[in-house]
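Down below is the structure, laid out as structure tokens.
The values are calculated or read from the model by the stated rules, or taken from the named source; none is laboratory data. Nothing here was measured: the structure is a model prediction, and the numbers come from that model. All Cβ positions, glycine included, derive from the backbone under ideal geometry; neighbour counts span all protein chains shown. In case anyone asks, the SASA skips ligands and DNA or RNA and just uses the protein heavy atoms, side chains included. Shrake-Rupley method; radii C 1.70, N 1.55, O 1.52, S 1.80 Å.
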Amino acid sequence: MDIRTPGAGGAGLHVSFRTMCGRQIRVGHLVLGGGRYPAQRVSLDIGTSSGGGTGTWAGLTAGEARHLAAALLAQAAACDGRPPRT
């Protein structure tokens, strides 16, 4: 289930959902620094597992986020038994 909530500090919308193994995944827009040209990143937070495993996060550039999205879509297509889009 997608839950969309407004972020704070110019961060925009976040999308979060819980995986089958109980981890909370949250994706958002992160703005770092002030001034005329602040650094903007896509934030990815993978929460702890229900079994007590550790969580992690990453701040991705737009290009890195697109690369990750393409890799995830290709793997999802493989799980569905469909060839990936080229």
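Give 61, 56 a once-over and let me know the one that is open to solvent by 60 Å² or more (accessible area, probe 1.4 Å) and either touching a strand residue (DSSP E or B) at 6+ places or on another chain (Cβ under 6 Å) or polar (S, T, N, Q) (or both).
56
Of the residues 41, 36, only one is of a type in the set (Lys, Arg) and under 19 Å from the mean Cα position of the chain (by Cα); which?
From the options 41, 36, the qualifying one is 41.
Any idea which of (1) open to solvent by 80 Å² or more (accessible area, probe 1.4 Å); (2) at pLDDT 90 or above is the one residue 23 doesn't satisfy?
(1)
Kindly provide the set of residues from the stretch 32-45 that are assigned to a strand (DSSP E or B) and either open to solvent by 50 Å² or more (accessible area, probe 1.4 Å) or in contact with a helix residue (DSSP H, G or I) (Cβ under 7 Å, 6 or more places away or on another chain) (or both), ordered by number.
Matches in the stretch 32-45: 32, 40, 41, 42, 45.
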